[in-house]
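Below is one structure; the comments refer to it alone.
The values are calculated or read from the model by the stated rules, or taken from the named source; none is laboratory data. Remember, it's a predicted structure, so these values are computed and weren't measured experimentally. Reconstructed Cβ throughout: ideal geometry from the backbone, glycine too, with neighbour counts over all protein chains shown.
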Amino acid sequence: MNVIPAEYGLILASVLFTLGLVSLLIRRNIIFMLISVEIMLNAAGIAFIVAGSKWAQPDGQVMFIFILTMAAAEVSVGLALILQMYHQLKTLDSDAANKMKG
Amino acid sequence: MAIIFYMASAIAVIATVMVITRHNLVHALLYLVVSFLAVAIVFYVLGAPFIAVLEIIIYAGAIVVLLIFVIMMLNLRQESVAQEKQWFSGKIIIGPLILASILLVEMLYILTSGEPAGLSENMIEAKAVGMSLYGPYVLGVELSGILLMSGIVGAYHLGRQKKKVTHRFLEKKEE
Amino acid sequence: MSDLVWLIPGLPFVGAVILIFGGTNLPRRLVPVVGAGSVGLSALMTLFIGFEFLTATPTAQSYQQVVWNWIEASGFSVAFAFHLDVLSLVFIFVITFVGFLIHLYSAEFMASDEGYARFFAYLNLFVGFMLILVMADNLLLMYLGWEGVGLCSYLLIGFWYLDEKNGYAARKAFIITRVGDTAMVIGLFILFKTFGTLNIAGIQEQAPQLWVVGSSQATLIALLLLGGAVGKSAQLPLQTWLPDAMAGPSPVSALIHAATMVTAGVYIIARTHVIFELAPIALFTVGVIGALTLLIAGFSALTQYDLKRVLAYSTISQIGYMFLALGVGAWSSAIFHFMIHAFFKALLFLGAGAVIAAVHHEHDMFKMGGLRKKLPLVYWTFLIGAASLAALPFVTAGFYSKDQILWLSWASEKGNNWLFLAALIGAFITTVYTFRMVFLTFFGEVKTQVTRVPGLAINISLVVLAILSTIGGFIEIPHSMGHVQMVTDFLSPVLPVTSIRPGIESSEWIIQLAAAILSIGGLLLAYFLYMKRPSLHFKIKNSIPHLHSFWLSGWRFDSLYDWLVVRPFVYVANINKNDPFNGPYNGVVRAANFFHRILSFTQSGILRWYLIGVVIGAILILTLGIWL
Amino acid sequence: MAIILPGFIVTLLLGGILSWIVAKQSHLYARWISLLTLLANFIAIIIIWIQNMKSPASGSSWILNFSVAWIPSFGINFHMALDGLSLLLLSLTFFLGILSVLISWKEIQSRVGLYHFCLLWVLAGITGVFLTMDLFLFYFFWEVMLIPMFFLILIWGHENRRYAAFKFFIFTQASGLLMLLSILGLYFVHGGQTGIYSFDYFQLLGTALAPKIGMWLMLGFLVAFIVKLPAVPFHAWLPDAHSEAPTAGSLVLAALMLKTGAYGLLRFIVPLFRDAAMEIAPWAMAIGVLGILYGALLAFSQTNLKRLVAYTSVSHMGFIMLGVFSFNEVAAQGVVMQMMAHGISTGALFILAGMIYERIHTRDIREMGGFWMKMPFMGATALVFTMATWGLPGLGNFVAEFLTLVGVWQVAPMLTILAAIGLVAATAYSLRILQKVFYGSPVVSMELTDLSFRERIIMGALVISIIWLGLFPQPVLNTSIEAVNVMLHPNNKVEASVLPSLKTGDAFSLREKGGSDE
């Protein structure tokens, strides 16, 4: 059994993060965008876990818990916003919500 | 153990790719669950069993369920899938893909340019996490509490059905 | 008594203040009493003070009175002080007496005018300022008087303000003289820098020690002072304002634009003669300007239709004679001619005013005629004035004063043949246009009905001035005829006696004979052209239409200045009206708006658009991180 | 005695608040309170002046001095001092302040309380600027005077008031910020050299500056002052602000606020940055001459009466630029005279424009003419002030311009000649005012009433002042000469200019200390 190189864990995190980013950029559906944000947050969490594992310290996991907390709060508020938006604009198109343009 | 890590990583990446290419929201969510589960395995392999469990319970469980609830509430029909297809055209993808790949290449470059180091295989028990969580990070815990609290209040407040109100400035313009 | 010198200019000011504040509330009968009375009192004061000054002349030949310290700042010190000597005494005498007569005349002449009190207020102010001018102990105070009379001249030319034309003439007069004044002010700066004082006596004392004859600085200062003088005295090249200044009421033309103010240039040159003597080039320039002006103005006078414009051009021409006299160093002759000119020119203007008032404000001489019978007193006094202007030999004052200038322009050490020739031709033209005027106005058939016959006040003024224009000449009679030299002797403490080229005294009678012949010849020519063969002058006129209109327009100086100065100024002012310096600032505003539009374009409201920005930013930061 | 210096400002500030409050009861109360406040200050300053004339402060140009610590940790003192120059400008401020309340008596009918509040606060700011000897406090008052003025224009101005108010605000504010930078720069340079970090004028007076730093710091101050003055490339705000402001606003702007720029040049630029100022002096003088000619040229072509008068201000302020940077004592005296005379004459012309506007509701001179017939009294006063504008000897402006030019001639004859040509142009535009407004045939058929009793008092006071300045300028010159000379020659009179035994937290007066400053 080989030792897993730390870089690999971080590469996994970056790949997932990039995928989430791509999704965030190409999607117009706001729920998809929310999902993408979750993916990106999760990827960030992976990076913390990898780092924690490398130094054999619990701090990485503590950070993950904080991220988790934040993600949960974000999803709840974000979904509430999506509900409001859908109620007002009758669409999930994020481009429709452009009343704040300059 | 390493082979499990590689497999789980591969599954996570493939599942995530599937998530971001689906037109149907529910399908995408199912792949998302798969992705989260794979990541949970990765966590377990990296010696974070407590986190692996949390990942399953909260991400794959709570958050995804929340999303599904919302989708159900919105009562999306088949048209939304069609519309999603229409929005998901090839032309829009190119730009973000190029940008994202540049970003990825740069990140990979940075990650691989350092000294290679192995990961320890020691398990970090939930107790150690708990000790440090309520030890040095207690302030962060309390802040998280406040965050969750405000998240709940905010979600409740925003989620209420209100009359359609437009801002007075916009109202004037519309007249 | 001498302590009351300040009262001489003070009294007219008091009168002016009463008239200004009394305004229309003052009873109409009281207005001339205040106006003429204050000047009359001033004239009486002059008599007393002059008598005392002459009987008990101070050893310094002059009397100073500091009224108060005007300005004193870090070495620059000027007092509000009066200086009385024989030169200023002559001027004060003329100003107050002629001024009083003209006030008297105006009391009747302007009686029905709406701005009766205003008129007298201005006139009094004028007399006050003029007296300050000639009595000033330093050049700055003189400048105060100088500008003050300019202001009054402006106000009085534009007295009938409802007519735009009068306002234009007034502004023209003021601005043109102001050009000269500015040159003079610059002269004052240099004087102050050189001498550290503006006191006239001080400058006169120091100048010969500081400068040699012909020093460039003296020349520069003299030329700058001359600039002021030609402006005020309507000499070449700033003469164009005077004919237009006739827009004012006739008494104004008589007082300001003939007798007193326009001779201020003569006064200042005589007053600063020390500087001019140190600057022969400047002095020669004075003579040349005088000679040229008297010719140019004379020819213009030949062609005018307007009675008052003829007189205006003749005034320019006569002041040209005074400048000529100054230019050849005949200081006292210039002052003598100034005095005589003040008498007969005031008389002529007042007579012209009476004539014009009599014929319904008609100014064109060709529409008058035969007024000899209707206005006998005006006719006789006018004739006396005209004869004096034309310098008819022996009986007129003008003959004695002008003859002296003619003689000295040739005989003086600084004189020369050309100046003499110009003066001689000028004398001939003067007679021609003078009698052209007399014949056209008073002889021939009656063309206009007389509606207003002058009353007592006008008649008194005319008669007194006519007497003065006749006997005034006898106080200075040339060598060849009896040799009376009252003026020259009187002025000798202040003005040096003209030195004559040696060995030519005996030829004086030839000059006199020539002058007499010329003036009588001119009279005959005018008689022939305008009485005997009236059609002939039309023929002459029609055969030289261009020359005629050229002279009529005063040698086209007006259009020249219009093209050279007025139009460019107005043009530049108008193209700049909206202040081009706003441009850069508006440019800044426009740039801000431009960037505002560009940047607000990025605020599309589309979420992904912002995300792209975030990603690009992240890429940039990472790239920088990798490179550095 | 010295407590009177902050007292001036405090009474104005309190008077402003009080009139705002009582305006709810009656507009008349607000007017009377403002009037009485200013009157009290005026009387006080005149008493100080008379006392000073009777027994001039010996050995020092400073008459009164007041200083308490404000923020000692930064070296900021509440330091005010009065010398001849400030004394003159303060009397002008209060005198014209009284008139500005009087001319608003009928003109301002909306938000009267706020109006008087703004007016008094502007005057308080100006008073502060003229008095303060602490650069931080100076900047503070510089801003205090700006903001109420902004509202005066914005709320009570004419049609285009928004544009004018913002333009005014941006110009002065931007330049003021540059000055703040320079003040801080000077503070740190001085602190770095001596170890004493202080904003006090007298402390900073002897600061030795490297030529380059000195130049930049000087430019910071200079920009603020010549925008306020204004010198020509920076004058763009002035015609708009002047022509759109209400009458009292134009009066305060032209007669007082411009003087703060001139005052700043004399008080700060010349003594603090002598070398740098000497270096740019030829350019500054050229700008002055440019201003004289350019202002005159533009004044000639304007058709808006207030705009026309505004450009005459630009022209006259050129003389101040010219005079200050000639570094000549006579010219500096001329500058002081110019401040006073211009304040009165231009102020009077703005008042006249305001009175005409009240009668015919236009500022366009093409719609005026022949007013002399109906309003001879107004015509006569207008005549006096247009005469003053072109510099008739015997009126204040002549003394000012002549002294300035005589002084400048000693250093720059060519520029003097150009400036003198400006006098001819001044004649042209002044006479144009008279011709277009008062002469010619009447074009307005409406009933015009001549000056009322209140207006006669205003104009009478101004006419008397301008003639007094023209014929008896000596009291003014005597009052300022010491102060001006100290500013021009800080080196050889440095003992006289530095106050004896300066102690923070200690209010004292030189007069009370007697001749202790030997």
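Points to keep in mind about this one:
- Selection status of C:Thr441, of a type in the set (Ser, Thr, Tyr), in a loop (DSSP other than H, G, I, E, B) and within 27 Å of the chain's Cα centre (by Cα): no
- Looking only at the range B:61-72, and only at residues there that are facing chain A (nearest Cβ under 10 Å) and not β-branched (Val, Ile, Thr), the one that is nearest to B:Ser9 (Cα to Cα): B:Ala62
- Of the residues making up the range B:112-141, those that are at pLDDT 85 or above and facing another protein chain (nearest Cβ under 7 Å) are B:Ala128, B:Val129, B:Ser132, B:Leu133, B:Tyr137, B:Gly140.
- Flag if B:Ile93 is closer than 16 Å to A:Ile26 by Cα, part of a helix (DSSP H, G or I) and at the interface with another protein chain (Cβ under 9 Å from one of its Cβ atoms): yes
Per-residue answers, yes or no, for (1) over 20 Å from C:Ile175 (Cα atoms); (2) surrounded by 24 or more Cβ atoms within 10 Å (Cβ to Cβ):
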position: C:Thr219; (1), (2): yes, no
position: C:Leu223; (1), (2): no, no
position: C:Gln235; (1), (2): no, yes
position: C:Gly298; (1), (2): yes, yes
position: C:Val310; (1), (2): yes, yes
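- B:Leu103 passes every criterion in (1) more than 7 Å from chain A (Cβ to nearest Cβ); (2) assigned to a helix (DSSP H, G or I); (3) surrounded by 14 or more Cβ atoms within 10 Å (Cβ to Cβ) apart from (1).
- Among the candidates B:Glu55, B:Glu84, B:Glu106, the residue that is of a type in the set (D, E, K, R) and at pLDDT 90 or above is uniquely B:Glu55.
- Considering residues of the range A:53-67 that are touching a helix residue (DSSP H, G or I) at 6+ places or on another chain (Cβ under 6 Å) and more than 7 Å from chain B (Cβ to nearest Cβ) only, the residue nearest to B:Gly47 (Cα to Cα): A:Gly60
- Failed condition for B:Val17, given (1) more than 7 Å from chain A (Cβ to nearest Cβ); (2) free of Cβ contacts under 8 Å to residues at least 40 places away in the same chain: (1)
- The residue that is farthest from B:Val81 (Cα to Cα), among those in the range A:69-86 that are more than 7 Å from every other protein chain (Cβ to nearest Cβ) and not aliphatic (A, V, I, L, M), is A:Glu74.
- Being in contact with a Phe, Trp or Tyr (Cβ under 8 Å, 6 or more places away or on another chain) and assigned to a helix (DSSP H, G or I) is a property that holds for C:Val355.
- Checking the stated criteria, B:Lys85 turns out to be touching a His at 6+ places or on another chain (Cβ under 9 Å), more than 8 Å from chain A (Cβ to nearest Cβ), exposed (fewer than 14 other Cβ atoms within 10 Å of the Cβ) and among the charged types (D, E, K, R).
- Residue in the range C:549-564 that is aromatic (Phe, Trp, Tyr) and either more than 30 Å from C:Tyr168 (Cβ to Cβ) or assigned by TED's automatic domain parsing to the domain that holds C:Leu424 (or both) present: no
- Checking C:Ile356 against (1) out of contact with any Gly (no Cβ under 8 Å at 6 or more places or on another chain); (2) surrounded by 24 or more Cβ atoms within 10 Å (Cβ to Cβ), the condition it does not meet: (2)
- Any hit, the range C:305-328, residues being β-branched (Val, Ile, Thr), more than 13 Å from the chain's Cα centre (by Cα) and modelled with pLDDT under 90: yes
- Test for C:Ile458: is it crowded, with 17+ Cβ neighbours inside 10 Å and either in contact with a helix residue (DSSP H, G or I) (Cβ under 8 Å, 6 or more places away or on another chain) or among the small types (Gly, Ala, Ser) (or both): yes
- Subset of the range B:22-66 that is over 30 Å from B:Lys127 (Cβ atoms) and free of Cβ contacts under 8 Å to residues at least 40 places away in the same chain - its residue that is surrounded by the most Cβ atoms within 10 Å (Cβ to Cβ): B:Leu32
- In the range D:393-409, residue surrounded by the most Cβ atoms within 10 Å (Cβ to Cβ) [restricted to those that are more than 14 Å from C:Phe189 (Cα to Cα) and over 20 Å from the mean Cα position of the chain (by Cα)]: D:Pro393
- Within the range D:431-451, being free of Cβ contacts under 8 Å to residues at least 60 places away in the same chain and either under 25 Å from the mean Cα position of the chain (by Cα) or not in a loop (DSSP other than H, G, I, E, B) (or both) holds for D:Leu431, D:Leu434, D:Gln435.
- Looking at C:Tyr161, C:Tyr143, just one residue is hydroxyl-bearing (Ser, Thr, Tyr) and under 25 Å from C:Ser106 (Cβ atoms), and that residue is C:Tyr161.
- Taking (1) in a helix (DSSP H, G or I); (2) surrounded by fewer than 24 Cβ atoms within 10 Å (Cβ to Cβ); (3) out of contact with any Gly (no Cβ under 9 Å at 6 or more places or on another chain); (4) more than 9 Å from chain D (Cβ to nearest Cβ) in turn, C:Ile175 satisfies each apart from (4).
- When restricted to residues that are within 19 Å of the chain's Cα centre (by Cα) and buried (at least 24 other Cβ atoms within 10 Å of the Cβ), the range D:270-300 contains 4.
- Qualifying residues in the range D:166-184 (those that are more than 13 Å from D:Ile226 (Cα to Cα) and in contact with a Gly (Cβ under 7 Å, 6 or more places away or on another chain)) - the one nearest to the other protein chains (Cβ to nearest Cβ): D:Leu181
- Within the range D:76-107, if we keep just the residues that are part of a helix (DSSP H, G or I) and touching a strand residue (DSSP E or B) at 6+ places or on another chain (Cβ under 8 Å), the residue that is farthest from D:Leu36 (Cα to Cα) turns out to be D:Gly84.
- The range D:301-350 - residue that is in a helix (DSSP H, G or I) and among the aromatic types (Phe, Trp, Tyr) and, of those, farthest from D:Phe438 (Cα to Cα): D:Phe319
- Among the residues of the range C:365-386, none qualifies, meaning not one is surrounded by fewer than 24 Cβ atoms within 10 Å (Cβ to Cβ), free of Cβ contacts under 8 Å to residues at least 60 places away in the same chain and outside any helix (DSSP H, G or I).
- Residue in the range D:169-181 that is outside any strand (DSSP E or B) and within 18 Å of D:Phe350 (Cβ to Cβ) present: no
- Residue among C:Ile8, C:Ile71 that alone is buried (at least 19 other Cβ atoms within 10 Å of the Cβ) and within 14 Å of another protein chain (Cβ to nearest Cβ): C:Ile71
- Apart from one condition, A:Gly45 fits all of (1) surrounded by 24 or more Cβ atoms within 10 Å (Cβ to Cβ); (2) more than 7 Å from chain B (Cβ to nearest Cβ); (3) closer than 17 Å to B:Pro136 by Cα; the exception is (3).
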